[in-house]
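*Asks:* Below is one structure. I have some questions about it.
The values are calculated or read from the model by the stated rules, or taken from the named source; none is laboratory data. Source: prediction; values computed, not measured. In this analysis, Cβ positions are derived from the backbone assuming ideal geometry, glycine residues included, and neighbour counts consider all displayed protein chains.
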Amino acid sequence: MTGYILKRLLSAIPVLLGITVIVFAIMALIPGDPATAILGSYATPENVEKLNRDLGLDKPLVQQYFIWLGNMMGGDFGTSFSLNRPVLDEVVERFGATLVLAGTAFVLCSIFGIVAGVISAANQYGWGDKGITFAVLLGISIPSFFLGMMMILIFAVKLKWFPVSGMWPIYGDRDLWALIRHLTLPAIALAVVATGVIARLSRSAMLEVLRQDFIRTARAKGVHERGVIWRHALKAAMVSIIPVLGIQAGFVLSGAVYIEIVFQWPGVGRMLVDAILKRDILLVQGGVVLVAACYVLFNIAVDVAQSLLDPRIKT
Amino acid sequence: MSITSFTRRGLLAAGTALTLTFGTLTGAQAQTPPGVLIVGQIAEPKSLDPAAVTAVNDFRILMNVYDGLVRYKDGTLEVEPALATDWTISEDGTEYTFTLREGVSFHDGTPFNAEAVKFNFDRMLDESHPFHDTGPFPLAFFFSSVESVEAVDDLTVKFTLSEPYAPFLSNLAYPTGLLVSPAAVEQYGADFGRNPSGTGPFKFAEWRSNEAVVIEANPDYWDGAPELQAVVFRPITDANTRTAEMLAGGIDLMVEVPPVALSEFQGEAYTLHEQAGPHVWFLILNAKEGPFADKLVRQAANYAINKEALVNDVLEGTAEVAAGPTPPAFAWAYNDDLEPYPYDPEKAKELLAEAGAEGAELTFYVTEGGSGMLDPIAMGTAIQADLNAVGFDTKIETYEWNTFLGEVNPGLEGKADMAEMAWMTNDPDTLPFLALRSDAWPDKGGFNSGYYSNPEVDELLEAARVATDQDERAELYKQMQTIVQEDAPWVFVANWKQNAVTSERVENFTLQPSFFLLLDDVVKN
């Protein structure tokens, strides 16, 4: 087992190196440079050249890449041009905010999606099923950023139940309640689409299982219908629901970019968008590499967990 | 199925729980406290070191924390004393001697004196200065004519310029000329931008990344303590969200209201502020080659475009029609006799026929957005329609802002016939000097991307730069505007009016033509 984990970790190294090359190349290839972005109208060739020199961007690209890579190995991700603070500090702080938002949305969509799917399947073609199917289709069809804006308009501007934007109140305590108040609207807006997808797939997974013999046996031996559905059937259906959850976790994390912009959530998605527009090379590169490293580690962890649970997977 | 009975019970329980939670969660929204002004900004500031920043967004904070030697008189773009009480200019215009205000201290207690002034400019301009590495200082070239700064005595400082440079005083009034505490720079080094210390009406209190910058009143301010206790600057990059925050009462003052949102703020509860600024939005015409090499065709383009419709319909009244290269906000240097080119498509057709340029094909560079560019795609499309209506054949090419600058700044030759552009400046010298002189062609490091050249204009601009008498300078600029309007190297389109909205709790707020946000007299109830 240890050997397997070690092998997986070693295989991650070329992946991460590949990511550094790609993100560096993309930033070098897109038109415009940080000096032009900083100077705006004043970007004379002379001023641009001087500022690029001050920023250390006048060296050959290959040399720049290795300087960056070398510093990064030593834990130095450089300083952001546009925010004037260490890239690592900024990314870690922002990634934390994204995890709070995406994590909450993921919990919401998993619970509501599975429950809705199970109820739907248990009442196949009944009113409950039709109602849920309609709601789910509606949820899948609304773009999350539009839903977010509408929620702000109704629940924050008109009803004043929730704050419009941000993660913490400008005044008052930064306690859990304050966080929940700020988190409610964006987390729901982010969860809606994934809830719909999970509900649809849970429904079909459940219908599949409900047709099988062991369910008939359970009913025949007199198990209460609630027990049949939630204990016997759902347990079996989870085998095909869990991979769906894994995929949706990825969608929720990437969908957070739109929601972070609409709700001004200080997350890593909004940070990357701002950084790209400002051509903040080091912040984009550092941000992408760190986020990608998290994805890679997460995937390894999932694989390892799966191989522990399912002996059929060779280690 | 018995599952439904479970669901009903479950729903009931869940519903009750939800209602209870909801009650706690939603409780009355906390009112923002009186005496504390919450400003909705458009972005997170880069730094609070005035020498290191370039964005108007950052200037809005800085102008309340720092002072310069001089500043713009309220409601104008004319300089008046600030930390300097008085100054003299030598006959040849190369020596400026300032007398400094006595008894002023930086927020960290460091006394303000001639040495402090010298430290500030040496830090920016002298590469061997021990704190030059706290940069880069992208706008240091505003002071590139400064040869040396000398502390004559404690309260007298002398600047020696390499050549006469009339915009020097208004550059000192620009945020790049704001003065920082030398002791704070020595203490924090490159982190000074997050630990700023100036002499202004407000002191820096706190910077919570991506959340807020808080400044609080400086009770010892030399020009009278401010009315507010504190100001909170919140970065809200999305314009819709900023509008929603204003409507929900989460902010008291919102800058850069998008034109489409203006109607939301018509009621009693809000005040809409507007102020035309030193901004001009124009089309660079390629005077070197193609149809626009002919002055008649350039004039035809000026007649063909319906600028009234652009500012009223596309920009919803957030701009005024421009008459020439100099914005009217520079009241002292603006030529009031200029009338904008009228919208006259018939005249445009006549001129085109006279020049034999009917059906001329044009390549038109349009940008997607960018500093001061207003609504460039919608404007570009409307302009294209107007030009085609008089017989041009206009083809639009759209670029993202940074790419756009990379295409336009090196010159339009061989690529395009016209390009959108906008400038916001602090002195009437800046834009024409950098973008209309023959010596400002791109190959000479300027921004004259359309290769306009008129020796008379060159002469007037050179003369205005070395004239130290304001009336004399004004006269030269006025002549220049008349000639440039006639020559039509650009299509003069619009002067942007900066806008802001305040809630009914805010009093005494006015926007400045400089586009700076000055809050020392503002009251919030």
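*Asks:* Report the residue count in segment B:215-242 for those that are of a type in the set (V, I, T) and more than 9 Å from chain A (Cβ to nearest Cβ). Before the answer, list the steps.
*Replies:* Initial filter on segment B:215-242 (of a type in the set (V, I, T)): B:215, B:231-232, B:236-237, B:241.
This time we only want the ones that are more than 9 Å from chain A (Cβ to nearest Cβ), so: B:215, B:231.
The qualifying residues number 2.
*Asks:* OK, next. Would it be correct to say that B:Q512 is at pLDDT below 95 and in the same structural domain as B:A225 (by TED's automatic domain parsing)?
*Replies:* Yes, satisfied.
*Asks:* Now a separate question. Look through segment B:431-449, keep the residues that are within 18 Å of B:M373 (Cβ to Cβ) and either of a type in the set (G, A, S) or in contact (Cβ under 8 Å) with a residue 60 or more places away in the chain (or both), and return whichever of them is farthest from the other protein chains (Cβ to nearest Cβ). Before the answer, list the steps.
*Replies:* Our first condition is that a residue be within 18 Å of B:M373 (Cβ to Cβ); within segment B:431-449, this holds for B:431, B:434-435, B:447, B:449.
With the extra rule that they be either of a type in the set (G, A, S) or in contact (Cβ under 8 Å) with a residue 60 or more places away in the chain (or both), the set shrinks to B:431, B:435, B:449.
Working: B:L431: 9, B:A435: 9, B:S449: 11 Å.
If we take residues in segment B:431-449 being within 18 Å of B:M373 (Cβ to Cβ) and either of a type in the set (G, A, S) or in contact (Cβ under 8 Å) with a residue 60 or more places away in the chain (or both), then B:S449 is farthest from the other protein chains (Cβ to nearest Cβ).
*Asks:* Of all residues in segment B:29-46 being among the small types (G, A, S) and in contact with a Lys or Arg (Cβ under 7 Å, 6 or more places away or on another chain), which is surrounded by the most Cβ atoms within 10 Å (Cβ to Cβ)? Spell out how you get there, then give the answer.
*Replies:* Of the residues in segment B:29-46, the ones among the small types (G, A, S) are B:30, B:35, B:40, B:43.
Keeping just the survivors that are in contact with a Lys or Arg (Cβ under 7 Å, 6 or more places away or on another chain) gives B:35, B:40.
Details: B:G35: 13, B:G40: 26.
Checked segment B:29-46; the qualifying residue surrounded by the most Cβ atoms within 10 Å (Cβ to Cβ) is B:G40.
*Asks:* So, B:G406, is that one surrounded by fewer than 16 Cβ atoms within 10 Å (Cβ to Cβ), within 14 Å of chain A (Cβ to nearest Cβ) and either farther than 22 Å from B:A293 by Cα or aliphatic (A, V, I, L, M) (or both) or not?
*Replies:* On the way: surrounded by fewer than 16 Cβ atoms within 10 Å (Cβ to Cβ): no; within 14 Å of chain A (Cβ to nearest Cβ): yes; either farther than 22 Å from B:A293 by Cα or aliphatic (A, V, I, L, M) (or both): yes.
No; evaluated as a whole, the condition is false for this residue.
*Asks:* Restricting to segment B:453-462, give me the number of residues that are within 15 Å of B:Y165 (Cα to Cα) and crowded, with 17+ Cβ neighbours inside 10 Å.
*Replies:* 2
*Asks:* Ok, one more. Quickly run through segment A:50-105 and pick out the residues that are of a type outside the set (A, V, I, L, M), within 30 Å of A:T195 (Cβ to Cβ) and without any contact (Cβ under 8 Å) to a residue 60 or more places away in the chain. I'd like the intermediate steps shown before the answer.
*Replies:* The first filter runs over segment A:50-105 and keeps only residues of a type outside the set (A, V, I, L, M), leaving A:50, A:52-54, A:56, A:58-60, A:63-66, A:68, A:70-71, A:74-82, A:84-86, A:89-90, A:93-96, A:98, A:103-104.
Next cut, within 30 Å of A:T195 (Cβ to Cβ) only: A:93-96, A:98, A:103-104.
Hits for segment A:50-105 are A:G96, A:G103.
*Asks:* I'm trying to understand the selection: among the residues of segment A:56-113, which are of a type in the set (D, E, K, R) and either assigned to a helix (DSSP H, G or I) or touching a Cys at 6+ places or on another chain (Cβ under 9 Å) (or both)? Give the derivation first.
*Replies:* Initially, segment A:56-113 is screened for residues of a type in the set (D, E, K, R), giving A:58-59, A:76, A:85, A:89-90, A:93-94.
The answer is A:D89, A:E90, A:E93, A:R94.
Rundown of residues vs (1) closer than 23 Å to A:R219 by Cβ; (2) in contact with a Gly (Cβ under 7 Å, 6 or more places away or on another chain); (3) more than 13 Å from chain B (Cβ to nearest Cβ); (4) basic (K, R), yes/no style:
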site: A:P86; (1), (2), (3), (4): no, no, no, no
site: A:D89; (1), (2), (3), (4): no, no, no, no
site: A:V92; (1), (2), (3), (4): no, no, no, no
site: A:F95; (1), (2), (3), (4): no, no, no, no
site: A:F106; (1), (2), (3), (4): no, no, yes, no
site: A:C109; (1), (2), (3), (4): no, no, yes, no
site: A:F112; (1), (2), (3), (4): no, no, no, no
site: A:N123; (1), (2), (3), (4): yes, no, no, no
site: A:G128; (1), (2), (3), (4): yes, no, no, no
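*Asks:* Give the number of residues within segment B:74-133 that are assigned to a helix (DSSP H, G or I) and under 28 Å from the mean Cα position of the chain (by Cα). Can you show your working first?
*Replies:* Let us first name the residues in segment B:74-133 that are assigned to a helix (DSSP H, G or I), namely B:114-125, B:132-133.
Next, only the ones that are under 28 Å from the mean Cα position of the chain (by Cα) stay: B:116-125, B:132-133.
So the count comes out to 12.
*Asks:* Looking only at segment A:21-51, filter to residues that are surrounded by fewer than 18 Cβ atoms within 10 Å (Cβ to Cβ) and modelled with pLDDT of 80 or more; which one of those is farthest from the other protein chains (Cβ to nearest Cβ)? Before the answer, list the steps.
*Replies:* The first filter runs over segment A:21-51 and keeps only residues surrounded by fewer than 18 Cβ atoms within 10 Å (Cβ to Cβ), leaving A:21-22, A:25-26, A:28-31, A:45-46, A:49.
When the remaining residues are screened for being modelled with pLDDT of 80 or more, the result is A:21-22, A:25-26, A:28-30, A:49.
Numbers: A:V21: 23, A:I22: 20, A:A25: 17, A:I26: 14, A:A28: 14, A:L29: 12, A:I30: 8, A:E49: 10 Å.
Top of the filtered list is A:V21.
*Asks:* Determine, yes or no, whether B:V157 is over 18 Å from the mean Cα position of the chain (by Cα), part of a strand (DSSP E or B), among the β-branched types (V, I, T) and crowded, with 22+ Cβ neighbours inside 10 Å. Can you show your working first?
*Replies:* Working: over 18 Å from the mean Cα position of the chain (by Cα): yes; part of a strand (DSSP E or B): yes; among the β-branched types (V, I, T): yes; crowded, with 22+ Cβ neighbours inside 10 Å: yes.
Yes.
*Asks:* Further question on the same structure: Provide a single number: the residues in segment A:130-151 that are within 13 Å of another protein chain (Cβ to nearest Cβ) and within 21 Å of A:S254 (Cα to Cα). Outline the logic, then answer.
*Replies:* Restricting attention to segment A:130-151, the residues satisfying the condition of being within 13 Å of another protein chain (Cβ to nearest Cβ) are A:131-132, A:145-146, A:148-151.
Keeping just the survivors that are within 21 Å of A:S254 (Cα to Cα) gives A:145-146, A:148-151.
Qualifying residue count, segment A:130-151: 6.
*Asks:* Moving on to the next point. If I go through segment A:260-281 residue by residue, how many of them are out of contact with any Asp or Glu (no Cβ under 6 Å at 6 or more places or on another chain), buried (at least 24 other Cβ atoms within 10 Å of the Cβ) and in a helix (DSSP H, G or I)?
*Replies:* Residues flagged as out of contact with any Asp or Glu (no Cβ under 6 Å at 6 or more places or on another chain), buried (at least 24 other Cβ atoms within 10 Å of the Cβ) and in a helix (DSSP H, G or I) within segment A:260-281 amount to 6.
*Asks:* Whether any residue in segment A:163-173 is more than 22 Å from A:I261 (Cα to Cα) and away from chain B (no Cβ under 11 Å) is what I want to check.
*Replies:* no
*Asks:* I need every pair where a residue in segment B:47-63 that is closer than 19 Å to A:K278 by Cα has its Cβ under 6 Å from the Cβ of a residue that is surrounded by 24 or more Cβ atoms within 10 Å (Cβ to Cβ) and β-branched (V, I, T), sequence separation at least 6 or different chains.
*Replies:* These pairs meet every condition: B:S47/B:V53; B:T54/A:I38.
*Asks:* Sort out which residues of segment B:207-226 are of a type outside the set (G, A, S) and either under 16 Å from B:Y66 (Cα atoms) or at pLDDT 95 or above (or both), and write them in order of number. Outline the logic, then answer.
*Replies:* Narrowing segment B:207-226 to residues of a type outside the set (G, A, S): B:207-208, B:210-211, B:213-216, B:218-223, B:226.
The answer is B:V213, B:V214, B:I215, B:E216, B:N218, B:P219, B:D220, B:Y221, B:W222, B:D223, B:P226.
*Asks:* For segment B:336-376, give me each residue that is of a type in the set (F, W, Y) and in a loop (DSSP other than H, G, I, E, B).
*Replies:* Just the residues of segment B:336-376 that are of a type in the set (F, W, Y), to begin with: B:341, B:343, B:364-365.
B:Y341, B:Y343, listed by residue number.
*Asks:* If you don't mind, another one. Only one of (1) within 14 Å of another protein chain (Cβ to nearest Cβ); (2) buried (at least 23 other Cβ atoms within 10 Å of the Cβ) fails for A:A102. Which number is that?
*Replies:* (1)
*Asks:* I would also like to ask the following. Would you tally the residues in segment B:383-403 being aromatic (F, W, Y) and either within 13 Å of another protein chain (Cβ to nearest Cβ) or not in a loop (DSSP other than H, G, I, E, B) (or both)? Full working, then the answer.
*Replies:* Initially, segment B:383-403 is screened for residues aromatic (F, W, Y), giving B:392, B:399, B:401.
Subset that is either within 13 Å of another protein chain (Cβ to nearest Cβ) or not in a loop (DSSP other than H, G, I, E, B) (or both): B:399, B:401.
Total meeting the criteria: 2.
*Asks:* Among the residues of segment A:165-185, write down those that are buried (at least 19 other Cβ atoms within 10 Å of the Cβ), within 13 Å of B:E211 (Cβ to Cβ) and aliphatic (A, V, I, L, M).
*Replies:* A:M167, A:I170
*Asks:* With the checklist (1) touching a strand residue (DSSP E or B) at 6+ places or on another chain (Cβ under 6 Å); (2) free of Cβ contacts under 8 Å to residues at least 60 places away in the same chain in hand, flag the one item B:R208 doesn't pass.
*Replies:* Result: B:R208 fails condition (1) only.
*Asks:* Can you tell me how many residues in segment A:116-137 are without any contact (Cβ under 8 Å) to a residue 12 or more places away in the chain and either outside any helix (DSSP H, G or I) or within 22 Å of the chain's Cα centre (by Cα) (or both)?
*Replies:* 3
*Asks:* Which number in (1) surrounded by fewer than 21 Cβ atoms within 10 Å (Cβ to Cβ); (2) away from every other protein chain (no Cβ under 14 Å) marks the one condition that B:A304 misses?
*Replies:* B:A304 satisfies all of (1) surrounded by fewer than 21 Cβ atoms within 10 Å (Cβ to Cβ); (2) away from every other protein chain (no Cβ under 14 Å) except (1).
*Asks:* For segment B:31-73, give me the residue count where each residue is at pLDDT below 90, among the basic types (K, R) and not in a loop (DSSP other than H, G, I, E, B).
*Replies:* 0
*Asks:* For B:M254, are the conditions met, namely being crowded, with 21+ Cβ neighbours inside 10 Å and either among the basic types (K, R) or part of a helix (DSSP H, G or I) (or both)? Spell out the reasoning first.
*Replies:* Numbers: crowded, with 21+ Cβ neighbours inside 10 Å: yes; either among the basic types (K, R) or part of a helix (DSSP H, G or I) (or both): no.
No; evaluated as a whole, the condition is false for this residue.
*Asks:* State the number of residues belonging to segment B:256-278 that are under 22 Å from B:P235 (Cβ atoms) and of a type in the set (V, I, T).
*Replies:* Number satisfying all stated conditions: 2.
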